[in-house]
Protein chains: 2
Amino acid sequence: MCEWSITHMGTTNGRRLSTADARRGEVLATAAKVFAARGYYGTSTTEVAKGAGISQSYLYRLFPDKQALFVAVIEDVSRLIRERLGESVAKVGSAEPVDVLRAMGDEYAHLIADREDLLKVLMHANCAASEPEIRQAVQGMYARLVEYVRSASGARDDDVQEFFARGFLCNVAVSIGALEVDAPWTRTLLAGIRHY
Amino acid sequence: MCEWSITHMGTTNGRRLSTADARRGEVLATAAKVFAARGYYGTSTTEVAKGAGISQSYLYRLFPDKQALFVAVIEDVSRLIRERLGESVAKVGSAEPVDVLRAMGDEYAHLIADREDLLKVLMHANCAASEPEIRQAVQGMYARLVEYVRSASGARDDDVQEFFARGFLCNVAVSIGALEVDAPWTRTLLAGIRHY
DNA sequence: AGAAAGAGTGGTCGATCACTCACACCTATC
DNA sequence: GATAGGTGTGAGTGATCGACCACTCTTTCT
């Protein structure tokens, strides 16, 4: 896989060049925010390029096509979520599975509070899974995520399952804007759910 | 609202005319299947028209625009799901909330087994909620659905919440094709989940 | 200094998009 | 049997889509 790390940055003239790998990293970060709004099908490559501050034609030099770009965004988001969950596990005092899961859930709640785009990308990724390559990326992402949660927490199957069910509930609630609605049905769906 | 009921059907010549209301009903039924594949953004009005066996221009006589068509599909799917849940409630023997919820869950599992398109439309509707009119339709749909489940079962808030969390888990699992994958992560996510 | 390689863009391609309009056909009513 | 209104379509509209190509400019290598 690629590194996306900044290895070099020229700066002699007013124009500023960066390596393609570094550019890819920047593009992925902004592409997640752009794709978050209207997803794989509803977002044009021109919008992504504009969001990243590069030309649309250069986007096609960094990524072979739109689908590969979206898959790279999925994997970037997936990696970022696993990193954040990992940090919360490192901080939690108890090694009790239920406590670890609670810490992870709390960290996820914080994460989606200031990075709403991440969970929206996940939602759109689920929907774009009718495209074979994207489905494969999405399945791989959930495979890694489930295995990570299971091994990091040591929790039983049904606790891990409930963890994800709760997560999906949060994802749906946020993406349909339920947090901004105060009504009986939102109070029911969000009862006891941490959100910041 | 409209009736979508067949009120008249001319048949004198080889060509067969129907009323616009009846046509709308047929179109909605097939449109759900077409939208299920690639959602609101990824599905063209030409595809919907072709699926319904009418011209694309006539689709625009039946519905003012693409967004109104998609909203109508959402409401049609929503109504259909509530009807099916209602039938299962009528059949269940016990009036115990937990038993009613279990019957509803079982009925939903059967429903999505032979109408996969329904839950995929729901998934896509969640994602298309960045469009204000669609978000309003989606929120209204969940409002009715939650209130219906609550009143029909008489269950407590957290049981209703778990019912929907489980439902969302099923929706995600089906739409990413997890049922076709036999692996530890799918066994964990689907443990104890009824699917036919 | 000069060549090779990489970063980055403007312009454009054919295809497809949502949407419109003029018009043909059918059928009920007077 | 004319007429009015609903059913339905073919042929388009301008705009935008993903993708490609020729090209410039910068940096590095020799």
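Among the numbered conditions (1) out of contact with any Phe, Trp or Tyr (no Cβ under 9 Å at 6 or more places or on another chain); (2) more than 7 Å from chain B (Cβ to nearest Cβ); (3) closer than 22 Å to B:ALA155 by Cα, the only one that A:THR186 does not meet is (1). Entry remark, region B:36-64: residues being away from DNA strand D (no atom under 13 Å from the Cβ), surrounded by fewer than 19 Cβ atoms within 10 Å (Cβ to Cβ) and more than 8 Å from chain A (Cβ to nearest Cβ) number 2 in total. Taken residue by residue, region A:139-154 has no member that is within 9 Å of chain B (Cβ to nearest Cβ) and either more than 25 Å from B:ARG187 (Cβ to Cβ) or not in a helix (DSSP H, G or I) (or both).
Taking the criterion of being in contact (Cβ under 8 Å) with a residue 12 or more places away in the chain and over 11 Å from A:VAL27 (Cβ atoms), the only residue of region A:51-60 that qualifies is A:TYR60. Scan B:VAL98, B:VAL181, B:VAL160 and give me the residue that is at pLDDT 95 or above and buried (at least 19 other Cβ atoms within 10 Å of the Cβ). After ruling out the rest, the residue left standing is B:VAL160.
The values are calculated or read from the model by the stated rules, or taken from the named source; none is laboratory data. In this text the structure is predicted, and so the values were computed from the model without any measurement. Note that we place each Cβ from the backbone using ideal geometry, even for glycine, and neighbour counts take in every protein chain shown.
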